[in-house]
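Quick notes on the structure that follows.
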Amino acid sequence: MLRHGLIASALVVGLGIIQQAKAQNSVYMPAILELSGTGAVSGTNFRDGMILAVEEINAKGGFLGKKIEMPLLDTQSEAGIARLQVQKVLDNKPYVILGPVFSGSVLTSMVLAQQAEIPQLVGGEAAAITQRNNPYVFRTSFGQQFSMPKIANYVRDGIKAKSVALIWVNNDFGKGGRDNFTKEMNSRNIKIVADVSTEAGQADFSADVVKVKAANADAVFVYLNEEESARFLREARKQGLNVPLIGETTLLGQKVIDLAQGAANGVKGHVGLTVDAPIPAVQQFAERFKKRFNYVCDHNGIKGYTGIYFIKAVTEKIGKFDSKAFAEAAHGITVSPKDEPNILMEATWDKNGDINRESFLGEVVDGKQKIVEVLPKLGVK
Amino acid sequence: MSAVLQVSNLRKSFGGITAVNDVSFEVEEGEILGIIGPNGSGKSTLFNCVLGQLLPTSGEVRIEGKPVTGMRPCDLNQLGVSRTFQLLQIFPQLSVRDNLVLAGQEHQGTMFSRLVGRSDAGLTGAAEQMISFFRLSHLADDQAGSLSYGQQKLLDAAMAFMAGPRLVLLDEPAGGVNLTMLAHLRERLETYQRERKATFVVIEHQMEFVMALCTRVLVLAEGRIIAEGKPADVRRDPAVIAAYLGH
Amino acid sequence: MNRLAAAAIVVATAFAIVVPFFLKPFGIYLLSLWAVLTIAAIGLNLTLGYAGQVSLAQGAFIGIGAYTTALLTQAGVPYALAFVAAGALSFAIGWLLGYPALRVQHHYLAFVTLAFTTLVFLVLRNEEWLTGGIYGISGIMRPVFFGWSTAKPLDFYFLCLGVLIALSLATWWMVRSPWGRAFVALRENPVRALSLGLDTRRYTLMVFAIGSSLGGLSGALFAPLVQFLEPASFGLNRSFDLLLMVIVGGSGYFFGPFVGALVSVLLPEWTRIAEGYYLLVYAALVMVLMPLCPAGVIGLLERVLKALNRRPGTAASARVVEQ
Amino acid sequence: MVHFFQLLLSGLATGAIYALVAVGFSLLWQTSQTINFAQGEFVMLPAFFVLMAMNAGAPLWLACLIAIALSILLLGVVFKFVIVDPMLRHGVLPLVISTIALALFMKEAVKDFYSSQAQPFPALVAEGDVNLLGAVVSAQSLVVLAVAIVTVVGLNLLLNKTRLGRSMQATAQNPTLARILGIPVRRMVLYTFLVNAVLVAIASILISPIYLAKFTNGETLGLAAFVAAIIGGFNQVRGAVLGGVIVGILDNLSAAYLSSQYRAAFPLLILIVVILLRPQGLFGRAQERTV
């Protein structure tokens, strides 16, 4: 309850009683994230990644001589509140808006940022985000319309599956993945023999495993949040489900591996961003992150971290703090570790604001994620 | 002309126990019928059956010849039957005046007119009369809950009269009321009955009260009528004495 | 006391009209939200505060109203019609939801309505063909009346305020009409009410239906305000929140919902100093405040005023007592 | 058929968890008219007591004891005297608000001061699965089931065979009468709060290896237990247990055979039907006190 907590944010500000004091030599980049509610895990990871980057940058005196001022605003994982937060920070003329992560929240709030001509750096992965020709929205990770084809190809060529069972979590993340995956399967005429929806926070997966088992498909595509993935994997092992389990970062992440306590072994899939990537820069980052927040960061941590450095790179390129110029310059830009080491991996942003990077095919081998293949950037469309 | 209230072969049993056993009686217009009997003799059950609060197992109830067995209390009330309760039943948070207006409003106009019409449903006058009739004028604006027990009893009765009913069933009106207040209540009831030609049925323990008030008395024991007649006669009836002593 | 109340109303209304001119879009947005939620809270206060029928479904009715409006307007139906439809549909569903109240009371009723709310959420989420499912409905336009576009925050705020005032007056009329007295009777003593010729059955269904329709009408404004609907915004939390508004404002007091909605919107803001821990502080504050004024803010005020000059409460300001 | 049996078995295991939570829930309701909307969070929290104790170096068994002690103190004593008692005389609703706020408070506290990430939790029994006529169930689930049964049987013995228990029941059913009979009602009420605290602690320790300790665990659990308690019968320990099992199994069967998207709906539909047709619950006694 008490959800209007944040809705109320700065009614006072609205009333003009308190004006947010903006230090002269700082640049205002508010972060609007899922800090409580169902998205808290993603939100806090994303936040900590950004905090780490901001601390590093400010320690070196900021960029273009300005330090980053990054107030954190909670969306409570609700789109309505996310929209309010964006509306709120827009009253203070931000340079760039960071977040949110939940696609639903992004889709509602990005219109406002667009009207105000303020760039927005989002964590959402729903395909729709970059399909509304909004020149001010930029991703920090693959949209599902990029990651799903990669998985689909793997299912077809790697596993050589003729039929798949599909288990997904019924929120906007899971539903989006499920819809895109289904599309890709149909286009490769691979049959979907089971389509199982699960609840966020579900604990008992026996019914779902029974269904998947009964479908006896050549492969199972698992698209759940980390904890649910872990619970599913345990149940799957328990009932001796022995077909290849394919997934995304949320199935192969180190956290899932730890939580699943052994049940994750043999799981395969596509990983957009992972701290286990065979790239020194990434692993050093993972070290720093662990040291600073003492937990293993997931892909959202990397998204937040690299996102900040993306902004730094673009800004230094245009040489001024100008939101419009930023948006123009950021389209089609390629940031490579040569110029900005902390971008970790070379990345390109296309005309829609979609990001394009190398990604990986991974497999869990005795309790560790092993990268079996590096997938090159997609040909820039 | 037919009786105002006509009860024939009324029977109510809960599981094994038969609380009211084949009771029949009639009440003529303008009568004040008293129903007495030891505790658990089925007086209140009888009342609740007559008033539709309970559905009788068998038997029939007629109001002015019209069968009303099992009719909902509110519909019965619309036919001009109203009641008071053994345990106080008022609306403590409402003012005394609002209690009375409420008691009358459902007899004014239609559901719709009650929404769009005057907020007092044109009953302020009637309410004031009733209030002063029961000598509660000084309390008209007080919350009913703040009244003394006796005053609440008066209010309870006043509410029963508010809609000008033809038949009023009073369930132990004297219960827990001190003697002065009791005399006052009785005098008011008699006056009202005389003025309005109303018909009363009174359940009461308080013998004196019944003897003084009622024109006819009916004695209930173990769910059956064991005696009936003028107060004085009933009082001397050995069966009655037995019933009370035996109890 | 009444003169005092009148004065307060005048001042408050003046504020509601003048203040937004000095606000930035966000402030105006919040005031609009306050107005919209107040309408729903007034409905709940009618069902819960006056008639004593516990309901945890008001949030669901905002959803029903909002989705009805969004779907109809996007199908080309004029907003005014959609607005009416939202109210009517909620009225009908509310009437049906009233039937359980004829059988069970108090906490059981709360459980039934709680279940109802969750069921509505599931339908909104799962029936994608109709409601857009988990993705929700976006791009909801703000209405235009005879050339007056409410697209701008200020215009839309005055639409909300106008509707709020109109509905408040209607409700005010109803609670001081015999109906209002009948509703209080349902709460205070249904048995006696029945014996006084009150058709408690009809009044119960009626109060549920009316309360719900106010929820629906609030939803009809909620949709164009947020311009995006997702099932999650109409889950249990919303209903709990409205319950909080009614209780904190003062259950059974006409102006309770106005204050309650304001508090529920402002309180977290006061805890803002606590930075990341604001929700923590907020929850703590609620737990501390509840015992201090269980009769809500207005209840507290009334006690104070009573202490000053002894005057009894009337039907319009009678408050719930759970026996 | 094997599938069906599998579903039944897993449903039973999950149901046992709900049952543990539901029992305390209805105990509180009976003795103090407390509808504890924070019951789910009550189960979420003790797991973190255990983790904290273990981080401080305590062995598992000790950590569990500490956790139980802490929850008796915080979720029993403090909850009663600080949250419930001041609110009770104001009726059910304000208290409902308070417990809802409490739920939020506990969630936020764990998230802010421990972690927002799900934590692996040590299992009391060795990992391992048991195969019963083709259906597989993890040893943990069996333990949960066993403990649930033991607890409930024990509780029933306590309530029906001991003087203390009978006093508690008397208090639950008719405080006034109990007071007349010279039963120290207030102490009895306190006991039920302590019993609840112990139950949730046990539940927490049992399920966290399966659920993983996370601040949001209470949300789903609380609602399920709540539904279970009402379906089974709000005024009966036995009722709450059977209710829990019914919900657990029903959830599995409906997810597998009816609709996984609406799996959450079926228990609720049952709830509505039960309340309307048999308010005292499937296994409840008819004479239920109203608020």
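Read-outs throughout are calculated quantities, based only on the coordinates presented, and are distinct from any laboratory measurement. Note that the structure is predicted; figures quoted are calculated from it, not measured. In this analysis, Cβ positions are derived from the backbone assuming ideal geometry, glycine residues included, and neighbour counts consider all displayed protein chains.
Things to note:
- Most mobile of A:VAL210, A:VAL89, A:VAL220 in a GNM of chain A (Cα contacts under 10 Å): A:VAL210
- Furthest towards positive pole of dipole, D:PRO209, D:ASN160, D:LEU51, structure part chain D, Cβ charges: D:ASN160
- Segment B:33-92 and segment D:206-255 have Cα centres separated by 46 Å.
- Ellipticity estimate at 222 nm from DSSP helix runs (n ≥ 4, -39,500 (n - 2.57)) divided over chain B, nearest 500: -11000 deg cm²/dmol
- Here the alpha carbons of chain A define both size measures, Rg and Dmax, at 20.6, 64 Å.
- Choice from A:LEU224, A:LEU361, A:LEU64 with maximal GNM fluctuation in chain A (Cα, 10 Å cutoff): A:LEU64
- When segment B:93-163 is reduced to its Cα atoms, the Kirkwood hydrodynamic radius in Å: 12.1 Å
- Coordinate range of the alpha-carbon atoms in segment D:2-216 per principal axis, descending: 56, 41, 31 Å.
- Counted charge near A:ILE129, where neighbours are those whose Cβ lies closer than 10 Å (Asp, Glu -1; Lys, Arg +1): 0
- Taken over the C-alpha atoms, segment A:115-225 has Rg and Dmax values of 15.9, 52 angstrom.
- All Cα pairs of chain B, percent lying beyond 26 Å: 40 percent
- Cβ-placed point charges (K, R +1; D, E -1), dipole of segment C:2-317 about Cα centre in debye, nearest 20: 940 debye
- Cross-link reach list, aspartates and glutamates versus B:LYS230, counting only Cα pairs under 16 Å and skipping chain neighbours closer than eight places: B:GLU26, B:GLU28, B:GLU31, B:GLU204, B:GLU208
- When +1 charges are put on Lys and Arg Cβ atoms and -1 charges on Asp and Glu Cβ atoms, the dipole computed for chain A relative to its Cα centre reaches about 340 debye.
- With Cα atoms as the point set, chain C shows a radius of gyration and Dmax of 19.3, 60 Å.
- Alpha-carbon centroid distance for the pair segment C:148-213 / segment D:4-60, whole angstrom: 41 Å
- Note on segment C:77-204: along the principal axes its Cα atoms extend 54, 37, 21 Å, ordered by decreasing extent.
- C-alpha center-to-center spacing [segment C:227-246, segment D:95-118] in angstrom: 19 Å
- Here A:LYS183 is the anchor, and the lysines within straight C-alpha reach of less than 24 Å, apart from those fewer than 8 places off in the same chain, are A:LYS150, A:LYS160, A:LYS162, A:LYS175, A:LYS191, A:LYS211, A:LYS213, A:LYS268, A:LYS351, A:LYS377, A:LYS381.
- Calculated FRET value between C:ASN2 and A:ASN92, using beta carbons and R₀ = 45 Å, to 0.05: 0.55
- Signed unit charges on C-beta, dipole axis of segment D:2-216, positive-most listed residue D:HIS3, D:LEU133, D:ALA13: D:ALA13
- Spacing of the two label points (7 Å from each Cα toward its C-beta) at C:ASN309 and A:ASP322, in nm: 6.7 nm
- Rh by Kirkwood over Cα pairs, then Stokes-Einstein D for the protein assembly as shown at 1.567 mPa s and 4 °C, µm²/s: 39 µm²/s
- FRET efficiency for the pair C:PHE21 and B:THR57, taken as 1/(1 + (r/R0)^6) with r the Cβ-Cβ distance and R0 = 56 Å, rounds to 0.20.
- The lysines within cross-link reach of D:LYS111, meaning a Cα-to-Cα straight distance under 20 Å and a gap of 8 or more places when in the same chain, are A:LYS255, A:LYS290, A:LYS291, D:LYS214.
- In a simple Cβ point-charge model (Lys, Arg +1; Asp, Glu -1; nothing else charged), segment C:114-221 has a dipole of about 360 debye relative to its Cα centre.
- Radius 12 Å from Cβ of D:ILE17, net charge of other residues (Lys, Arg +1; Asp, Glu -1): -2
- Per-residue ³J(HN,Hα) for segment A:93-104, Karplus 6.51 cos²θ - 1.76 cosθ + 1.60, θ = phi - 60°, Hz, x for Gly and Pro: 6, x, 7, 9, 9, 9, x, x, 9, 5, 4, x
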